[in-house]
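Below: the structure, in C-alpha cells.
The values are calculated or read from the model by the stated rules, or taken from the named source; none is laboratory data. Source: prediction; values computed, not measured. As a convention, Cβ positions derive from the backbone with ideal geometry for all residues, glycine included, and neighbour counts pool all protein chains shown. Just the protein is used for accessible areas: all its heavy atoms, side chains included, with ligands, DNA and RNA removed. Shrake-Rupley method; radii C 1.70, N 1.55, O 1.52, S 1.80 Å.
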Amino acid sequence: MSALEVNRHVRDSASWSMADPLGVDRRSCLRLDRNESTRPVSGTVAAALSAHLSGAGFHWYPSDERLTARIAEYCGVPAQSVLVTNGSDQAIDITLRTFLQPGSRMLVATPEFIPFRRVAGLLGAQVEGVPYEPDFTFPYVGFRAAARRRPEVIVFINPNNPTGTLVDPEFVREILVEYPDVPVIVDEAYYEFTGVTVAPWVNRYRNLIVFRTFSKAFAMAGLRLGYAVADPAVLEQIRKLRNPFDVNEPAIVAGEAQLSAMDEVDGHTEEIMSKVKPMVLEFFRDLDVPVVPGSANFLLVRPEDGAGTVRLLRESRVLVQPLHGPLVEGMFRLTVGQRQEMEEFARVFTHVHRETGGRTGPRTPSGPVTRAEPDGT
Ligand SMILES: Cc1ncc(COP(=O)(O)O)c(C=O)c1O
C-alpha cells in the first residue's frame, strides 16, 4: 500500500502513549505519578450523579449553561467570560489553535507542562523556552527579554508542572500591560492548592486567558472537565474550535454538584497542603534526599539513583513520574496523596533508598506506618 500523505507537522510529532512501559496495571498501584486526586469524588458528587442517572438519565445531548454560570460565579467573572472544555487539555489545544500558525512563536518558561509544546509543534509553531533558574524560581529577567522579541503567544503555567514554581502575579500584570496585543495564557490547573489566581483580571485585560480544571482538587480527572476564562470577544473566537457537545453530561452534573459543596474541596486541599505535604517534606529532609517542594500537591525528588529508584518503586507497585531533560534529569515528580498513602510511600521509599545505596535517616514520618490496599486509594 502506498504511504498516505500526512500533514508534515503531524508526521513529525511523537505519538502519545499513556500505557505503562512495563505493562503494569495502574489500578493495582499506588498512583502518585499524574498529580491526580487519590481520593474519589465526594459523596455529594456521587449522589448527584446517581440521582441524575435515575431521574433525567444521560440520553440527551448535554447542555452546559448552568455549569458555566456557576463557574463564572466561582471565578468572579460574567458568564460570557467562561467556556467549559473537555479537560483543560482541550482549552490548551483550542486556544493555541486560535492564535498560532506555522512560523508563530510561543514563549514559555521550561521545563513546562508538555501539551503546550506538543500542540505548538502540531501547528508548525516554534517554542521559545526560557529555562527556570537553577534554584527552580521563575526566570524573570530572561522571560522579559524574550517577551521583547514579540512572540505570538505568551504562556505562564502558575504553578508550573513539573517544577511547582509560582510566578508573581504582578509580573504577569506587567506583561499584560506591556503587550496588550499578545494573548497571555495563565494555566491555573492547581489554583485550589495555591490560592493564587489572576482569573478576575479578565474583566480588565482583554489579552488574558486563564485555564482551570476539575481534574486536580475536584478529583474528577476521569470526567474530563476544564474551562477557559477570558474576555467574551476572545472566547467567541476560541469557541469556534470547540464542538457543541464536547463536555459530557456526567461531567456537568458532577461539576455543578461540587461547586455547591466547596467546603469538601477546601477541606481536602487544606489537609494535603498543611498536613500531609509538610509530613512528606520532613520525611525527605530526615533521609537527606534533596527535594524541590513547589507550591502545589506535588514535589520533585532527586534521589542518588533516579532511574533505579523509579524502577524499584514501580516493582513495589508505587508509581511516580520520572523526569528527563535540563534541570530535572534524574528527578521524579511525586503527587501528594492522602496521609495513609504517603505513609505507605515512605515505607517503600525507605527500603528502595537503602537498596540504591542512599543514606538511611533517623526516622520515617510521624504516625503509624500502615500498609494501604494495593489499589492505591
Ligand atoms: C499545568 C497543567 N495544566 C493542565 C493540565 C491538564 O488537566 P486536564 O485533566 O484538565 O486536562 C494538567 C494536568 O496534569 C496540568 O498539570
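Points to keep in mind about this one:
- Subtracting the Cα-Cα distance of Arg66 and Arg150 from their residue separation scaled by 0.36 nm leaves 26.4 nm.
- Between Glu174 and Gln80, full extension at 0.36 nm per residue minus the direct alpha carbon distance yields a gain of 31.3 nm.
- Projecting label points 7 angstrom from Cα along Cα→Cβ for Glu329 and Ala46 puts them 4.6 nm apart.
- Protection-proxy order for peptides 8-18, 41-51, each taking the mean of Cβ atoms within 10 Å per residue, highest first: 41-51, 8-18
- Amide H contacts of Gln126: Gly103, Ser104, Arg105, Met106, each under 5 Å away and 5 or more positions distant or on a separate chain (H built 1.01 Å from N in the peptide plane; Pro and chain starts excluded).
- Helix-only mean residue ellipticity at 222 nm for the chain, each DSSP H run of n ≥ 4 adding -39500 (n - 2.57), per residue, nearest 500: -10500 deg cm²/dmol
- Normalised contact order of the range 43-260, rounded percent, pairs of Cα under 8 Å and 6 or more residues apart: 29 percent
- Relative to one another, the C-alpha centroids of the range 76-90 and the range 226-289 are positioned 12 Å apart.
- Classification of the range 107-225 by its C-alpha gyration tensor yields a rounded form. The axis ratio a/c (a ≥ b ≥ c) stays under 1.5.
- Annotation: extensible slack from Ile114 through Asp263 equals 50.5 nm (criterion: 0.36 nm per residue apart, minus Cα-Cα distance).
- Residues in the range 45-60 that a label on Arg27 would reach, taking backbone N under 13 Å of a point 7 Å out along Cα→Cβ: none
- The range 43-260, accessible area per residue, ligands and nucleic acids excluded (1.4 Å, Å²): 39 Å²
- Of the accessible area of the chain, computed with a 1.4 Å probe over protein heavy atoms only, carbon and sulfur atoms account for 53 percent.
- Judged by the mean number of other Cβ atoms found within 10 Å, the most tightly packed of the peptides 157-164, 79-86 leads the ranking 157-164, 79-86.
- When the chain is treated as a GNM with alpha-carbon contacts under 10 Å, the residue of Ala261, Ala230, Ala109 showing the greatest mean-square fluctuation is Ala261.
- Couplings for the range 176-185, taken from phi via the Karplus curve 6.51 cos²θ - 1.76 cosθ + 1.60 with θ = phi - 60°, read 4, 6, 5, 10, x, 9, 10, x, 10, 8 Hz in order; Gly and Pro are left as x.
- Residues within the reach of a label modelled at Ala3 (point 7 angstrom out along Cα to beta-carbon, backbone nitrogen below 20 Å), restricted to the range 105-136, are 122-124.
- In the range 197-294, chymotrypsin sites (Phe, Trp or Tyr not before Pro) in a DSSP loop with at most 15 other beta-carbon atoms within 10 Å: Phe245
- Environment charge of Asp187, counting only residues whose C-beta is closer than 10 Å and scoring Lys/Arg +1, Asp/Glu -1: -1
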